[in-house]
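Undergrad: Input: one structure, supplied below.
The values are calculated or read from the model by the stated rules, or taken from the named source; none is laboratory data. Keep in mind the model is a prediction, meaning the values are calculated, not measured. Cβ sites come from the backbone with ideal geometry, for glycine too, and all protein chains shown count toward neighbours. Side chains are part of the model used for accessible areas, which takes the heavy atoms of the whole protein and leaves out ligands, DNA and RNA. Shrake-Rupley method; radii C 1.70, N 1.55, O 1.52, S 1.80 Å.
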Amino acid sequence: MIGVFDSGFGGLTILKEIRKKLPEYDYLYLGDNARAPYGTRSFDVVYEYTWQAVHYLLEHGCRLVILACNTASAKALRNIQQRNLIQYKDPQVRVLGVIRPTVEAIRDYTQTKHVGVVATPGTVASESYVIETEKQDPAICVTQEACPMWVPLIENNEHGNAGADYFVRKYMAELLQKDRLIDTIILGCTHYPLLLDKIRQVTPDNIRLLSQGEIVANSLADYLVRHRDLEQTLSKEGNCRFLTTECPERFSESARMFLGEEIHTERIEL
C-alpha cells in the first residue's frame, strides 16, 4: 500500500488529490490525532512521533509513505531518511514529504521571484521552505508568516464562521506588509485549503495561492513513473483504509469536512 501520514486531519486534503490522480492504488491513512497538533512541538518530539507512525505504516504493508504534514516533513523527514530507513529491514521502502515538491513547483508560478509562505509556527521555525527554495533557485526571496490560530480553528470546525475572518486578515496582512513584491503564496499547511475562500477574499487578485494537494499528487505520479521497481510492488485494488490514534467516530465525522464522503475509521496505538 501507499501510506499517508499526518498529525491529524490536514493530510486528508493531500490524500484526496492523490486518490483523484492515482485511484488505482491502495492507501492506508494514519492520523495521530491523540497527539496533535505537531506544529508547536520540538524537533525531537516531532521526529520521535513521526517515526513511530511511519514505522507502524511500514510494518503494516506500506512500501511508500507520504508525510502529508508540513511540520513532519520539516522536522522529521531528513532524519528518517538518513537514520531510520538505512537501518530498516527492507531497504527498498521510501518516505517522501510535501515541502520539496511544493518548492519545485514555485518556479512555474512566480514572476517577481518573491514568494510568501503561511504555515504553522513549527514549519516556519524550521525554515525548511527557505532552505529548500535556496537549493532550487537562490534568486527567489521567501517571506514567511506563522499562523498559529488557523489549525485550531479548522479542527474545531470554526473556520467557516465570522470569527475566523479576523485571524485570516491578521496573518495575511502581516505577511504582505513584509514584502510588497510577493506574487505567489504557498499554503504551507495541509489544513489551510479549508480556509482558501477566506484567504482569497483578503488577497490581491494579482497574487496566486498555491495549495499543496494537486502539486503533491502530480509529483507522486511522476515519482512512480521514474521508480518502476517500487511502483510494481504496490497493490492496485483501489482500496483506502483510515486509522487514527484517537476517537474513530470523531475522526470519521471530521473527515467528511475534508473528503466530502463517509468513511470508516479504526483506532490504533503507537
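Undergrad: Look through the range 157-192, keep the residues that are farther than 22 Å from Arg100 by Cβ, modelled with pLDDT of 95 or more and of a type in the set (Asp, Glu), and return whichever of them is most open to solvent (accessible area, probe 1.4 Å).
TA: Result: Glu174.
Undergrad: Sort out which residues of the range 222-262 are assigned to a helix (DSSP H, G or I) and open to solvent by 50 Å² or more (accessible area, probe 1.4 Å), and write them in order of number.
TA: Asp222, Val225, Arg226, Arg228, Asp229, Glu249, Arg250, Glu253, Arg256, Met257
Undergrad: Follow-up. Is one or more of the residues making up the range 198-217 under 17 Å from the mean Cα position of the chain (by Cα), open to solvent by less than 50 Å² (accessible area, probe 1.4 Å) and of a type in the set (Asp, Glu)?
TA: no
Undergrad: Follow-up question, since we're still on this one. Using the structure shown, decide if Glu145 is open to solvent by 50 Å² or more (accessible area, probe 1.4 Å), out of contact with any Ser or Thr (no Cβ under 8 Å at 6 or more places or on another chain) and not aromatic (Phe, Trp, Tyr).
TA: It is false that Glu145 is open to solvent by 50 Å² or more (accessible area, probe 1.4 Å), out of contact with any Ser or Thr (no Cβ under 8 Å at 6 or more places or on another chain) and not aromatic (Phe, Trp, Tyr).
Undergrad: Applying the selection to the range 35-60, what residues are over 14 Å from Phe5 (Cβ atoms), at pLDDT 95 or above and not charged (D, E, K, R)?
TA: Val45
Undergrad: List every residue pair whose Cβ atoms sit under 8 Å apart, with the two residues 6 or more apart in sequence or on different chains, where the first one lies in the range 92-107 and is in contact (Cβ under 8 Å) with a residue 24 or more places away in the chain and basic (Lys, Arg) and the second, anywhere, is assigned to a helix (DSSP H, G or I) and open to solvent by 20 Å² or more (accessible area, probe 1.4 Å).
TA: Qualifying pairs under 8 Å: Arg94/Leu85; Arg100/Glu132; Arg107/Gln136.
Undergrad: Let me ask you something else. What are the residue pairs meeting all of these: first residue in the range 166-194, first residue in a helix (DSSP H, G or I), second residue of a type in the set (D, E, K, R), Cβ atoms under 7 Å, and 6 or more apart or on different chains?
TA: Between residues of the range 166-194 that are in a helix (DSSP H, G or I) and residues that are of a type in the set (D, E, K, R), the close pairs are Val168/Lys198; Tyr171/Glu145; Glu174/Glu145; Leu175/Glu145.
Undergrad: Tell me the residue from Thr40, Thr13 that is of a type in the set (Val, Ile, Thr), open to solvent by 10 Å² or more (accessible area, probe 1.4 Å), outside any strand (DSSP E or B) and in contact with a Phe, Trp or Tyr (Cβ under 8 Å, 6 or more places away or on another chain), please.
TA: None of the other options fit; the residue is Thr13.
Undergrad: Which one is most open to solvent (accessible area, probe 1.4 Å) among residues in the range 20-37 that are of a type outside the set (Phe, Trp, Tyr) and over 16 Å from the mean Cα position of the chain (by Cα)?
TA: Filtering the range 20-37 for residues that are of a type outside the set (Phe, Trp, Tyr) and over 16 Å from the mean Cα position of the chain (by Cα), the one most open to solvent (accessible area, probe 1.4 Å) comes out as Lys20.
Undergrad: Does the range 193-209 contain any residue that is among the β-branched types (Val, Ile, Thr) and at pLDDT below 95?
TA: For the range 193-209, residues among the β-branched types (Val, Ile, Thr) and at pLDDT below 95: absent.
Undergrad: I've got another one for you. Kindly evaluate Ile215 against the criterion of being in a helix (DSSP H, G or I), touching a residue at least 12 places away in the same chain (Cβ under 8 Å), closer than 17 Å to Leu15 by Cβ and of a type in the set (A, V, I, L, M, F, W, C).
TA: Answer is yes for this residue.
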